[in-house]
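A short worksheet on the structure shown next.
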Amino acid sequence: MSAVFVIGLFRSLQRKFDADCVRIGLRNSKVLADIGAKGTLTLLPIENDAVHALRAYLDKLQAYKDAHVIVLPYAPIPENLENELEVLAECGATVIRGANGQDGWPALAPKKRPETTVINAAYMRLWLAMPGVPTRDQVVPSEYFNQIVDANPQILLADGVLQTCDLVALHRYDFLKQSADALVEFAAEGSAGRIDAFFREKGLDHAQTGGIDTTLEVFKGDQSIYKNTTNTHLKQGDKTTPEGAARLYYHIFVHKNNTYVAIMYAGPHPVRNVRWECHLDTSV
């Protein structure tokens, strides 16, 4: 049975993580993280215990090269643990270091208590780094979108998105995943300035005009809380085949101080307008 060691797992995810590991037959050890006395994320219960926990995990392996260690990028890592991780990597172990706000890991500002959307997105990204789980590059867009929606209730998928997103050219798959990651971050954190600048920083081409119309109406019970028609979309590829001209159309709306992103269309260059009626969970 494979075994994984995770450093900096949010304490609120402990039970879910344990259950998911049991489900796939994966042994796990971990060092949790939570808000400490100074209001910042810290390893629990005290930082020095992390080294002892790592050594106990290694003692159960046949060789260091069998180790699979994942470090979440949010709680500071003490120097003695950093040294241990460097030695492990030199011995051929798999040591995966997450980067705050990069490569699918959600951004978390220093001294800010993580919101549920950030915690869920971090868990989804963590799972992609687990041993025996397909890497981000191996997951097709429809599977990636499903994972994102499962982890982020503020991301909504219109009917048909999962059927069209995998039809883009293979070299556009990563564009759709990057776009989804950016929308998850926007739903969690918003933008400090113009939305064009937000996407530009992510290396994404954003358009607010042109293309097809997408019309979204959102209901909460019998009440319509949002209705609008827009052209806003992310794109990659112009003057090429429809499959090479990947597009992702979306709407953003706010309800009860929560930012929602509805992905209306993702796939090859569309040829017809999209209309979707969405019903939010009345318990939200």
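No value in this document is a laboratory result; all are computed from the given coordinates. Worth saying up front: this structure is predicted, and the values here are computed from it rather than measured. Cβ atoms come from the backbone with ideal geometry, glycine included; neighbour counts cover every protein chain shown.
How long are the three semi-axes of the equivalent ellipsoid of the chain, in whole Å, if each is the root of 5 times an eigenvalue of the C-alpha gyration tensor, listed from largest down?
Sorted largest first and rounded, they come to 37, 21, 17 Å.
For n ≥ 4 DSSP H runs only, could you compute -39500 (n - 2.57) per run for the chain, divide by its residues and tell me the 222 nm figure to the nearest 500?
Taking each H run of at least 4 residues, the total per residue is -9000 deg cm²/dmol.
Counting only other residues whose beta carbon sits under 11 Å from that of I70, what net charge do I get with K and R as +1, D and E as -1?
+3
Compute the angle between helix 14-24 and the longest alpha-carbon principal axis of the chain, please, reported from 0 to 90 degrees and rounded to the nearest 10.
The angle comes out at about 90 degrees.
Work out the charge dipole of region 3-133 with +1 on the Cβ of Lys and Arg and -1 on the Cβ of Asp and Glu about the Cα centre, then indicate which of L9, A37, T116 is farthest towards its positive end.
So the residue furthest toward the plus end is T116.
Picking from N100, N257, N273, which is most flexible by a Gaussian network model of the chain using Cα springs under 10 Å?
Greatest mean-square fluctuation among the candidates belongs to N257.
Compute the FRET efficiency between Q208 and E277 as 1/(1 + (r/R0)^6), taking r as their Cβ-Cβ distance and R0 = 22 Å, and round to the nearest 0.05.
The value I calculate is 0.45.
Could you give the length gained by full extension between Q102 and H52, i.e. 0.36 nm per residue of separation minus their alpha carbon distance, to one decimal place?
Stretched fully, the Q102-H52 segment lengthens by 15.1 nm.
Using 7 Å Cα-to-Cβ label points, what is the R23/E86 separation (nm, one decimal)?
3.9
Project the alpha carbons of region 3-133 onto their principal axes and report the range along each, largest first, in whole Å.
Taking the Cα atoms of region 3-133, the three principal extents are 40, 32, 25 Å.
Regarding region 143-280, what is the average projected area of its C-alpha convex hull, in nm²? List each step's numbers first, then the result.
On the way: hull surface 32.0 nm².
Mean orientational projected area (region 143-280, Cα hull): 8.0 nm².
Please check: in the Gaussian network model of the chain (C-alpha springs, under 10 Å), which one of T241, T42, T230 has the largest mean-square fluctuation.
Sorting by GNM fluctuation, first place goes to T241.
Report the local net charge at I225: Lys and Arg +1, Asp and Glu -1, summed over other residues whose C-beta lies under 15 Å from its C-beta.
Around I225, the charge tally is -1.
Could you give the angle, 0 to 90 degrees to the nearest 10, between helix 173-189's Cα long axis and the longest principal axis of the Cα atoms of the chain?
80
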